[in-house]
Every structure is written in C-alpha cells, then in structure tokens.
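To start, the structure itself, in structure tokens.
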Amino acid sequence: MTPTSATLAVEDKPVEKPTPAAATLTVGQKSVELPIKHGTIGPSVVDIGKLYAQTGMFTYDPGFTSTASTESKITYIDGDAGVLLYRGYPIDELAEHGDFLETCYLLFYGELPTAAQKADFDYRVTRHTMVHEQMNRFFNGFRRDAHPMSVMVASVGALAAFYHDSTDINDPWQREVASIRMIAKAPTLAAMAFKYAIGQPFVYPKNDLDYASNFLRMCFSVPCEDYKANAVLARALDRIFILHADHEQNASTSTVRLAGSSGANPFACIAAGIACLWGPAHGGANEAALKMLGEIGRVENIPKFIAKAKDKNDPFRLMGFGHRVYKNYDPRAKIMQKTAHEVLNELGVKDDPLLDVAIELERIALHDDYFIEKKLYPNIDFYSGITLKAMGFPTSMFTVLFAVARTVGWIAQWKEMIQDPEQKIGRPRQLYTGSPPREYKPMGNR
Ligand code: SDX
C-alpha cells in the first residue's frame, strides 16, 4: 500500500534558539528527522538533502514556490512587507544616496566602498568598457530588424570567444576580471545592439563619463554633432539600474547559477541569464506592459482590460502586475513611479496618456477585490516602460536595459555559487508519469 500523504512535524514547543532544530517527516510507518537551518532574517528551511536516501522519495515543487535552491548573503526580499535589501541596505536608501557603480561594488564585494575603493572600482570598470574591435564584424551578421535581446544573448555569449584569458572559473583573478568585464561591457554591447537596429554607427565609450551618461551617449549621440547627456535623465537611468541590479533567486539568476554549476564560463552563464530574462513573465514584462498600456489607450477602456485579467478563461494578464514573492507593493515600483514623473517633468511632457492610463489602472486594480485577494500589486516593470520610452528608447530596448542592470546581480550570484564549498552541479529529479517499460514494436506491428 503506497502512502498517499506524509506528516511533517516541526517542534512547536518553545525551545532555545535556534528554534526549532529539526523536523520529523513521517511517511507510513517510517519517520525521518530533517535538520532545520535558520537564516539571519526570513524563513527557515528544512534541509531535505538526505530525504531520498532515507525515504526513497523526492519532494515535488514545480516553480520552486516553497523551495530554497541555495544559501545566499547578497539580496533579501520580504514579500509581505515589500522590503528589498542589497547586502542588508534598503533599496530606497541606495537609490537615493548612491550611484549604480557603488551598488555594483556592494553586491559584488559585500560592503559599501570607501572613497578610495569606489574611485579604484570606477577606474577599473571604466577602462574595461571597450569591446574587442572584431566584435563589430560579429554584429554585422545580424538582420537590422533582429530583436536587440537576441543580439545581446549572442554577443554576450560571444565574449568568451574574445576574452579567453578570463574564462577559467577556478582562477580567482580570472573570475574577478571576467566580472569587471561583464559589468563594464554590458552597456557597450547594449548600445551597439541599439545602434545596429537603427542603422547608426557604433559610438565608443568615453572614460571621462559616469556609467549612465556613457551609456546614454553611446545610444543617442551621432558623429554629426556634439552630445551631452541630460544630467537629470542620467541620474534617473542610474537609479533605474540600481533598482534592477539584483533580486534573490529569480528565474534568470537561477538560470545563471544552474549554468555556472556545470563549470561553464561566466560569459556563457550571463548569456543564459539574458535568454531567460527575455520572457514576458520575467524581464520581458516591461516591454509587454508598455504595449498593454498602448492597447488600453484610454482610461475609459480600463474596465474592459481589468475584466479580461480576471477572466480565468482569458490568458490575458495585467503586465507589470503581480509577483511570485511580493504580496505587497514592490518597493522598486514606488521609486520607478517617482522617477517616471521626474523624467516626464524634465522633458516637459505635461500629460502622457500612457502615464494617465497607468496611474488610473493602478488605482482601479488596487481597489478591486480580485487583485486585493490575490495580492497583486504593480511590480518594477509597470512604470519602467513609460520612463524609458520618454527617454527615447524603443520598447524593444527595455529588457536590454534590464539585462544591463541585472548583469552585476547575475555575476555576483555566480561568484557566490562558485565560491560556495557546498557547490555541486545542479541536477533536479522528477515525478515520472510516463509509460512503464514496454517492448520495442517492429514497424510492421505498429
Ligand atoms: C520580474 O522573480 C523575480 O524577482 C522577478 C523580478 C526580478 O527583479 O527579477 O521581480 C522581475 O519578473 C517581475 C514580474 C514581471 N512579470 C509580469 O509583470 C507579468 C505579469 N505577472 C504575472 O505573469 C505573474 O504575476 C508572475 C509571473 C509575475 C508571478 O506569477 P506566480 O507567482 O506564478 O503567480 P501566479 O501566476 O500563480 O498568480 C497567482 C494568481 C493566479 O490566479 P489563480 O490561478 O490563483 O486563480 O494571480 C493571478 C493568476 O492568474 N495573477 C494575475 C496576474 N498575476 C497573477 N492575474 C492577472 N494579472 C496578473 N498580472
């Protein structure tokens, strides 16, 4: 008689810290004790590493809704409270007081830099922003109308073909160089993808510009005239990069970790992360959210789309709404909304119909029982598209900018995984529901 359920008992009597120490899983007549691990903050975990050996059974959690895939010290999200910490620092304080390269240093090394460390880090990143000149020829193989994300996936993966001297993952020095190269070259490749798509010449980075101004110049300057990045827009873009830098074990970060667990080189791992980020349920939502706002078009059309989103038979979802972890307002969305207003004001955009639709859509949704019951709030992708469009980026570049910002998170998580003494190749198991063994049928008998 196969057991149809198991009982997991967690000691609930008050015990000395760390509470509780173990859980007992009872399956049929058999009970196994599973250690419980406690973090600094946030949920504890039941260590099931020995479950299969002790019970012959796997756990089952498609989508990993209740599964911790790793221990990490980088980013923490309290989804119920709407809190996001990078190495313990609240995202709103980092976005308010620091710049993106300071956040890169913090995520990568674990501490805020001193003035000297920041200057040295800025210098090192700045002097890795150029890409190998032969990459230009690599770009020319693409159709002009290729989606820039397809160009990013390919060109980042191709970096391994140009930078052999930083692909040995067992050499700490090469890991560091590859990481700095990734942070530095991501904006250059992104700008090249944009320029290639619009048929304008590539623009080389300039070492006397900050990260965001350099990126704006590589995207929007042309050889025929001087260009100076608008300081308000550059600050806004720098803040947008901070907001997108890392986010625990999201789908693309988990992809990078899984690819890295096989020993693949960091450029290949980041390319895998970019491929995963492209999906509309993930980083592609900013492009999809702006398209959705365009489809809604006017405030009067909102009720029709809200009804579609609530209709179980309609696959339509409000893009930029909902989140696996946030069951409260995404703290990044609040800052994104403020940034959207700043950018539109700076550009003298008095009434952007898309912003009007977004604000009214948010207001209606946040008062609708369906969204309240399912705890669906705007996420980071809801307002980013409006801001990026106002800056002059086409929707096809929105997820590319997300990838530029998330590169530091991916590479920091990749480094943490490589340095983890418990690290081994990721290899999930499955619940097999296919055919039992059967004999081969010759063609004549089929
Ligand atoms: C990012 O993981 C991360 O950290 C990601 C990210 C990061 O920084 O890396 O934060 C970036 O990817 C943000 C999310 C961007 N995606 C979107 O905005 C796309 C629209 N959102 C949904 O597709 C959805 O909310 C997800 C994918 C974001 C989350 O999906 P979950 O956690 O698997 O939740 P679910 O799909 O199971 O939804 C729970 C319920 C469902 O209804 P029931 O089946 O329970 O009846 O809520 C409904 C869903 O139908 N629902 C929505 C909805 N999102 C969820 N209904 C309408 N519109 C939506 N947007």
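The values are calculated or read from the model by the stated rules, or taken from the named source; none is laboratory data. These numbers come from a predicted model, not from an experiment. For neighbour counting, all protein chains shown are included, and Cβ atoms are generated from backbone atoms with ideal geometry for every residue, glycine included. Ligands, DNA and RNA are stripped out before the accessible areas are found, and what is left, the full protein with its side chains, is counted by its heavy atoms. Shrake-Rupley method; radii C 1.70, N 1.55, O 1.52, S 1.80 Å.
Using a 7 Å offset from Cα along Cα-Cβ at Lys327, what residues in region 83-119 end up with backbone N under 19 Å from the label point?
It comes to 83-85, nothing else.
Where in region 264-286 does the label zone of Lys374 land, with the point 7 angstrom along Cα→C-beta and an amide N cut-off under 20 Å?
Once the point is set 7 Å along Cα→Cβ of Lys374, 279-286 turn out to lie under 20 Å by backbone N, inside region 264-286.
To one decimal place, what orientation-averaged projected area in nm² is obtained for the convex hull of the Cα set of the chain?
Average of the hull's projected areas for the chain equals 28.9 nm².
Relative to the Cα centre, what is the charge dipole magnitude of region 302-428, using +1 at the beta carbon of each Lys and Arg, -1 at the beta carbon of each Asp and Glu, and rounding to the nearest 20 debye? Display every interim value, and only then the final one.
Values: 19 positive and 17 negative charges, 90 e Å.
With only Lys, Arg, Asp and Glu charged at Cβ, the dipole is about 440 debye.
List the aspartates and glutamates whose alpha-carbon lies under 19 Å from that of Lys415, not counting same-chain residues fewer than 8 positions away?
Counting by Cα, and skipping residues close in sequence, Lys415 has these aspartates and glutamates nearby: Glu71, Glu102, Glu111, Asp165, Asp168, Asp171, Glu176, Asp246, Glu248.
Using a Gaussian network model of the chain with C-alpha springs under 10 Å, which one of Ala268, Ala309, Ala288 is most mobile by mean-square fluctuation?
Answer for the Gaussian network model of the chain: Ala309.
Given the pairs Lys195/Lys327; Lys50/Lys118; Lys185/Lys228; Lys50/Lys310; Lys185/Lys327, which are separated by over 32 angstrom at their Cα positions?
Lys195/Lys327; Lys50/Lys118; Lys50/Lys310; Lys185/Lys327
Cut-off 10 angstrom, C-alpha nodes, Gaussian network model of the chain. Which of Val349, Val125, Val256 fluctuates the most?
Largest GNM mean-square fluctuation: Val349.
For the peptides 355-365, 36-46, 290-300, what is the packing order when you average, over each peptide's residues, the other Cβ atoms within 10 Å and list the highest mean first? Display every interim value, and only then the final one.
Working: 355-365: 18.7, 36-46: 13.1, 290-300: 16.6.
Top of the packing list down: 355-365, 290-300, 36-46.
Angle check, please: helix 353-366 long axis (alpha carbons) against the longest principal axis of the chain (alpha carbons), in degrees 0 to 90, nearest 10.
20 degrees
Compute the long axis of helix 148-162 from its Cα atoms, compare it with the longest principal axis of the Cα atoms of the chain, and write down the angle in degrees, 0 to 90, nearest 10.
Taking the Cα atoms of the chain, the angle to 148-162 is about 80 degrees.
All other residues with a Cβ under 14 Å from the Cβ of Ala403 taken together, and with Lys, Arg as +1 and Asp, Glu as -1, what is their net charge? Can you show the working numbers first?
Values: positive: Lys185, Arg406; negative: Asp246, Glu287, Asp381.
So the environment of Ala403 carries a net charge of -1.
Report the extension gain between Glu439 and Asp80 in nm, rounded to one decimal, defined as 0.36 nm multiplied by the number of residues separating them, less their alpha carbon distance.
Stretched out fully, the Glu439 to Asp80 stretch lengthens by 123.9 nm.
Within region 55-150, which trypsin sites (Lys or Arg not before Pro) sit in a loop by DSSP and count at most 12 neighbouring Cβ atoms inside 10 Å?
Lys73, Arg127, Arg143, Arg144
What angle, in degrees between 0 and 90 and rounded to the nearest 10, separates the Cα long axis of helix 398-419 from the longest principal axis of the Cα atoms of the chain?
Once rounded, one gets 50 degrees.
Given Cβ point charges of +1 (Lys, Arg) and -1 (Asp, Glu) and nothing else, what value in debye, to the nearest 20, does the dipole of the chain about its Cα centre take?
Dipole about the Cα centre, nearest 20: 1420 debye.
How much solvent-accessible surface does Asp120 expose, in Å² to the nearest 10, with a 1.4 Å probe and all protein chains in place?
Taking all protein chains as shown, Asp120 has close to 80 Å².
Return the distance in nm (one decimal) between the two label points of a simple spin-label model at Tyr60 and Thr114, each offset 7 Å from Cα along Cα→Cβ.
5.6 nm
Quick check on packing: order 325-331, 90-96 by the mean number of other C-beta atoms within 10 Å, highest mean leading.
Taking the mean over residues of other Cβ atoms within 10 Å, the ranking is 325-331, 90-96.
Assign one of three labels to region 10-130, namely rounded, prolate or oblate, based on the Cα gyration tensor with a ≥ b ≥ c the square roots of its eigenvalues; rounded applies when a/c is under 1.5, prolate when it is not and a/b is larger than b/c, and oblate otherwise.
Judged from the Cα gyration tensor, region 10-130 comes out prolate (a/c at least 1.5, a/b above b/c).
Test of understanding: in a Gaussian network model of the chain with alpha carbons linked when under 10 Å, which of Pro187, Pro266, Pro436 would top the mean-square fluctuation ranking?
Maximum among the listed residues: Pro436.
Give the accessible area for His323 in Å² (nearest 10); use a 1.4 Å probe, count only protein heavy atoms, and leave out ligands, DNA and RNA.
Accessible surface of His323 is approximately 50 Å².
Place the peptides 223-231, 336-344, 202-210 in order of packing, highest mean first, counting for every residue the other Cβ atoms within 10 Å and averaging per peptide.
In decreasing order of mean packing, 223-231, 336-344, 202-210 become 336-344, 202-210, 223-231.
For region 84-173, divide the Cα radius of gyration by the Kirkwood radius and give the resulting Rg/Rh value with two decimals.
1.07
What length, rounded to one decimal in nm, is gained on full extension from Gln419 through to Glu33, with 0.36 nm per residue of separation minus their alpha-carbon distance?
136.1 nm
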